[in-house]
């Protein structure tokens, strides 16, 4: 069938617009019966199921690749959901996406044909390295909690580098980043990745990174194939520093993910994992340390103030003024005790005097005279004790209780 041209064939009328050309090519492809209800066999790569329900992927073989689309209505009828690496047979029609000028296969159905060649190669290498113990959990090394120096193996022109640096600037602005640039896609990529890892590992220990990030953005299976290379896997295992693999998207898995010490779903997530102790955490720790330092300073000052007060009190006790004060206090105490003792002795003496006075009064002649008795004596003082000692007419002195008087004896009577 011959399609009408979108321009006049008159001289000067053969200029095409881009839209006209793409529309003509699409109509030409869709008008070719050989390109309708076409069966194509290949290996799924770059499979993506969009929220809209449409599926986008590519079919590839060892020499070429074909973009494909399956619209939601057809995808919902599919019992089989493909994955990267699957060998399939697709039924569809060749068309052109005019907006991009890209031809593609509009797929109506998919039938699995087993595993593709790339997936089989991936599975064989994975099984062999796993049997060697390269994936064992026991050989996984812990990440440093607060790394100060990070190694980065990635493309210097890729989005992964920008994403990682953005996260590091936000979460750990003081971290030092050592970039070992390398291609991350294509036939030379495995050799470049191995060399980059070796360069970082051979640095002097003083500047060697404490942890290494191996990263690239997402892509189809063949785009990530450099990270399924055996030499890359062994270089990661031999790295003197722990390695985080941040290759592709969350659904992408490579051999590098299994052999690395830690797998991150994306390059940004790898940067998040290596900076678990973020700038906010640093600020919080500085605040806590500042508070603890303030408390320790206050406690130390209080302890030193108490010690100073004790020394001051001791100095006051040992100083001459202090000793004099103590002597004065002791003197005051002795004076008080002496006064008490004197008063006590006076009281005892007074009590004794009273007792003696009472006893003396009890035997005093005056007390006897007070009862009506008298003492008679001669003027010489000799006391008359018996009546026969007195001569008649003898002068005598008589002592009574309130005095004495003279008397003359008239005679003696027994």
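Hey, with R₀ at 45 Å, roughly what FRET efficiency would residue 208 and residue 49 work out to, going by the Cβ-Cβ distance, to 0.05? It would help to have the intermediate numbers written out before the result.
On the way: r = 43 Å, r/R0 = 0.95.
So, using R0 = 45 Å, E works out to roughly 0.55.
What does the extension gain come out to for residue 405 and residue 109, with contour length at 0.36 nm per residue minus their alpha carbon separation? Don't skip to the answer; put the middle values down first.
Details: separation 296, 0.36 × 296 = 106.56 nm, distance 17.46 nm.
Gain in length upon complete extension: 89.1 nm.
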Under a plain spin-label model, where a point goes 7 Å from the Cα along Cα-to-Cβ, how far apart in nm are residue 343 and residue 389? 5.3
Between residue 137 and residue 328, what length comes free when the chain is fully extended (0.36 nm per residue of separation minus the Cα-Cα distance, one decimal in nm)? 60.4 nm
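If we sort 123-129, 188-194 on the protection proxy, mean other Cβ atoms within 10 Å, highest first, what's the order?
Values: 123-129: 13.6, 188-194: 19.3.
Result, highest mean first: 188-194, 123-129.
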Region 23-100-region 231-245 distance, computed between alpha-carbon centres (Å): 38
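Arranged from highest to lowest average of other beta-carbon atoms within 10 Å per residue, in what order do the peptides 195-206, 241-252, 64-75 appear? Each step should come with its number before you reach the end.
Details: 195-206: 14.4, 241-252: 21.2, 64-75: 16.0.
Ranked by mean Cβ neighbours within 10 Å, highest first: 241-252, 64-75, 195-206.
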Can you tell me the FRET efficiency between residue 18 and residue 80 if r is taken as the Cβ-Cβ distance and R0 is 45 Å, rounded to the nearest 0.05? 0.75
Residues in region 296-310 near a label at residue 318, defined as backbone nitrogen under 13 Å from the 7 Å Cα→Cβ point? 310
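Can you tell me the order of 49-56, 136-143 when each peptide is scored by its average per-residue count of other Cβ atoms within 10 angstrom, highest first? Intermediate results must be reported in sequence, preceding the final value.
Values: 49-56: 12.8, 136-143: 10.4.
With the highest mean Cβ count within 10 Å placed first, the list reads 49-56, 136-143.
FYI, it's all coordinate maths here, none of it is from the lab. Bear in mind that the values here come from a model prediction, so they are computed numbers and not experimental data. Positions of Cβ are generated from backbone atoms using ideal geometry, with glycine treated the same way; all protein chains shown enter the neighbour counts.
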